[in-house]
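The values are calculated or read from the model by the stated rules, or taken from the named source; none is laboratory data. Everything quoted here is computed from the prediction, not taken from an experiment. Using ideal geometry, Cβ is built from the backbone for each residue, glycine included, and neighbour counts are taken over all protein chains shown.
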Amino acid sequence: MRRLLTFNSIIALVLIFVVSSCMSNMDVNQEPVEPESELIEIDESQGGENERRWNFDKKATRFYFERFSNQLDPRQPNGDRVTSPDDFALFFPGVGEGNATFMGKALTFINQQATIDENGQQGTIAAPVTQFYADELAALGIKNIPDEVSSITTDKRGNSVWFKNIGNAVTPISEIRFNFEAEVEIIGGTGRFDGATGKGKVRGFFNPTTGEGSSIIIGKIQF
């Protein structure tokens, strides 16, 4: 049975407020999105609320939220950094700092490949996060990462969540702001998130001239 205003939904809203408060130093005008209410809905199809909360032998479905300030590092097709506006950027790796549910302060490592369809719609698709950040992740103890993992969020204490990006629509707003929206799947992790699964939505923006931006993920995670 599915209910929009369950006890878990109220807890989810509180989590959004707490995490957002931790990021109060972020410019209010840079908020990328407002959370979507349908993502706060908790799936109770696998048993009663108490069973999911207290049965630690089974994976529980939990609300997941993260917010990051990001710095992209555009790369040319050969992997070299883009140093001129005339250079073509094929890859958009980047790093970020922020907060994530169940982790607190955290880091994110991302990588995307630019695309454009027959209608001229700009976007990106998942590219291996290890293409540019394998050494940094290995230094944090995160290894054996599949190529389909395009972003990783970690607390630097052995816990990490692995995401696979499912397409990413990019909408130019101005010369200094591009908005983006994507769906992601959770396809693993380390530490307490070993074997995690789930899904969510990403929304955010970046400045194509500086690479600075912001993003949030709202979804559900099973671990």
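Taking the conditions exactly as written (crowded, with 16+ Cβ neighbours inside 10 Å and over 20 Å from Asp73 (Cβ atoms)), does Gly195 satisfy them or not? So Gly195 does not fit the description; no. Could you please let me know if Ile176 is closer than 30 Å to Gln121 by Cβ, in contact with a Gly (Cβ under 8 Å, 6 or more places away or on another chain) and among the β-branched types (Val, Ile, Thr)? Taking the combined requirement at face value, the residue does not satisfy it. If you check Asn179, Asn111, Asn159 for being touching a strand residue (DSSP E or B) at 6+ places or on another chain (Cβ under 6 Å) and in contact (Cβ under 8 Å) with a residue 40 or more places away in the chain, only one passes: Asn179. Screening Ile142 on (1) surrounded by 16 or more Cβ atoms within 10 Å (Cβ to Cβ); (2) β-branched (Val, Ile, Thr); (3) modelled with pLDDT under 95 shows it passes everything except condition (3).
Listed by position, the strands (runs of 3 or more DSSP E) inside region 146-222 whose residues that are closer than 14 Å to Phe109 by Cα number at least 3 are 151-154, 160-174, 212-222. Scanning region 115-139 for residues that are in contact with a strand residue (DSSP E or B) (Cβ under 9 Å, 6 or more places away or on another chain) and surrounded by fewer than 18 Cβ atoms within 10 Å (Cβ to Cβ) yields Thr115, Ile116, Asp117, Gln121, Gln122, Ile125, Gln131, Glu136. Determine whether Gly96 is in contact (Cβ under 8 Å) with a residue 12 or more places away in the chain, exposed (fewer than 15 other Cβ atoms within 10 Å of the Cβ) and under 22 Å from Ala196 (Cα atoms). Against the criterion (in contact (Cβ under 8 Å) with a residue 12 or more places away in the chain, exposed (fewer than 15 other Cβ atoms within 10 Å of the Cβ) and under 22 Å from Ala196 (Cα atoms)), Gly96 does not qualify.
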